[in-house]
Amino acid sequence: MYVTVFPISFGSSFAFGTPKLLPSAPSTSAKPAIRMTTGALSTLTDVSSIERSENKPLFTFPGKLVRKSLNIVSRGVSSVSNAQYSLLLNLTLKLSSAAQPKLESQWRDMEWTEEQKTSLMKTISSYRPICHEVTQARVLLLGPVGSGKSSFVSSVQSVFNGRVTNRAMVGSSLTSFTKKLQSFHIHCQKGEDPTGLVLCDIVGLGGGEMTGLTLYDILSVIKGHVPEGHKFSPDQPVRSETVGYVKKPSLKDKIHCVAFVVDGSKILTYPKGLSTTFQQLREHISELGVHQVALLTHVDQICPETAKDVILTIHHKAGALLGMSTSYIVPVKNYSSELDLDASTDVLLLSAVDHILQYAELYFQDNTPQHTGPKIV
């Protein structure tokens with residue numbers, strides 16, 4: 001039986017059969033061998049009281065008035081519509097900006113310093129996969145149109161460049177700007193060797209028009225069959241006759257971790273069918289033994305001083321949308337209109353990359369005959 005191919009659309013779920021053209025990878029557990037309650041953030045050290053006063057957290061906790069309003073919103077999640085919930089959330093955000101006093105309690109404990117940024121950059125720069133067959137971990141960014149996949153690539157590279165740059169071209173329309181498979185090797189500072197990370201960007205999921213991306217295409221990318229630069233088309237799904245098709249992909253051709261990217265400011269307005277799409281994707285990707293994490297972008301757009309309870313609510317909504325534990329989901333803020341780097345933004349981005357690499361490393365542990373330890377130089 002051949003796969004029945006349908007373009008990915010938010011309005012309806014996938015319909016497909018069992019792929020026959022491509023061999024399936026051995027099924028392994030998608031759960032990591034370790035539990036990371038806060039991902040890479042759990043490894044960060046506490047900051048002193050002086051540092052806390054000098055480095056204001058990105059996420060602050062509002063006063064009692066806002067807390068009461070947030071509790072009302074939380075209790076009403078299951079009984080109100082998305083439109084009603086959004087109205088309550090907007091009311092809460094307005095109250096948060098006027099509520100006094102504000103209790104500056106961070107959503108997640110993080111060290112917002114240049115020293116922490118430097119430490120994370122060194123860790124990421126020195127990372128090399130445990131498997132000697134490959135030198136870089138290939139990470140596929142997968143998410144709705146406009147979620148911030150390409151911006152994430154550019155933002156991460158900007159941190160290492162020391163200035164804001166647009167490595168991956170970013171669009172502003174409702175349709176996906178990215179049309180083909182593009183692999184971005186993240187380079188260290190000028191003159192240094194590239195890192196052990198490759199971020200792979202493809203066309204966004206869904207949107208008002210057919211994007212040309214199918215479930216079968218996504219799985220083919222993960223299995224390593226799709227050539228670099230392949231342009232996706234709804235009329236021409238990836239097959240063995242595709243120009244450049246890799247018939248026998250090696251470990252270095254495959255995807256070693258999938259990072260779902262969702263817009264935190266749109267969590268309450270995403271179409272209902274998107275949740276089914278994500279969960280079916282996760283089921284099939286898990287069967288390939290590939291671990292998955294998620295990036296929650298645009299958290300800064302939820303509120304100028306994002307309230308802790310609001311962020312937690314959005315965080316849990318993202319977990320429900322993706323069908324994954326919130327411990328796999330980390331917040332990021334991409335660079336968009338900024339001209340200069342910001343240490344706090346850089347720490348968020350680098351922490352997300354560190355989080356991703358930990359799960360990519362689990363893939364190599366599962367697919368390496370002998371465990372010889374990570375190659376950290």
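The values are calculated or read from the model by the stated rules, or taken from the named source; none is laboratory data. Given the structure is predicted, the values throughout are model-derived calculations rather than measurements. Every residue, glycine among them, receives a Cβ derived from its backbone with ideal geometry; neighbour counts consider all protein chains shown. For the accessible areas, the whole protein counts, side chains as well, though only heavy atoms, and no ligand, DNA or RNA atoms are used. Shrake-Rupley method; radii C 1.70, N 1.55, O 1.52, S 1.80 Å.
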Item checked: Residue under evaluation ASP217, criteria (1) within 24 Å of PRO237 (Cα to Cα); (2) within 17 Å of the chain's Cα centre (by Cα); (3) open to solvent by less than 10 Å² (accessible area, probe 1.4 Å); (4) at pLDDT 90 or above, criterion not met -> (2)
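Would you call LYS247 more than 30 Å from ASP300 (Cα to Cα), among the basic types (Lys, Arg) and outside any loop (DSSP other than H, G, I, E, B)?
Numbers: more than 30 Å from ASP300 (Cα to Cα): yes; among the basic types (Lys, Arg): yes; outside any loop (DSSP other than H, G, I, E, B): no.
Considered against the rule, which asks whether it is more than 30 Å from ASP300 (Cα to Cα), among the basic types (Lys, Arg) and outside any loop (DSSP other than H, G, I, E, B), LYS247 comes out as no.
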Item checked: Single residue of segment 108-135 satisfying the filter (assigned to a loop (DSSP other than H, G, I, E, B) and under 15 Å from VAL347 (Cα atoms)) that is modelled with the highest pLDDT -> THR113
Note to self: For segment 257-355, give me every one of the strands (runs of 3 or more DSSP E) that falls completely inside it and has 3 or more residues that are of a type in the set (A, V, I, L, M, F, W, C).
What the structure shows: 257-263, 291-297
Check: Can you name the number of the only condition in (1) buried (at least 24 other Cβ atoms within 10 Å of the Cβ); (2) farther than 29 Å from LYS266 by Cα that ARG128 fails?
Finding: (1)
Checklist line | Count of residues meeting criterion [under 14 Å from CYS200 (Cβ atoms) and not aromatic (Phe, Trp, Tyr)] in segment 220-245 | finding: 11
Next item on the list: Name the residue, out of THR175, THR195, THR211, that is buried (at least 18 other Cβ atoms within 10 Å of the Cβ) and at pLDDT below 85.
Entry: THR211
Notebook entry, point to check: Given the conditions (1) modelled with pLDDT of 95 or more; (2) over 24 Å from LYS223 (Cα atoms), which single one is not true for VAL332?
Noted result: (1)
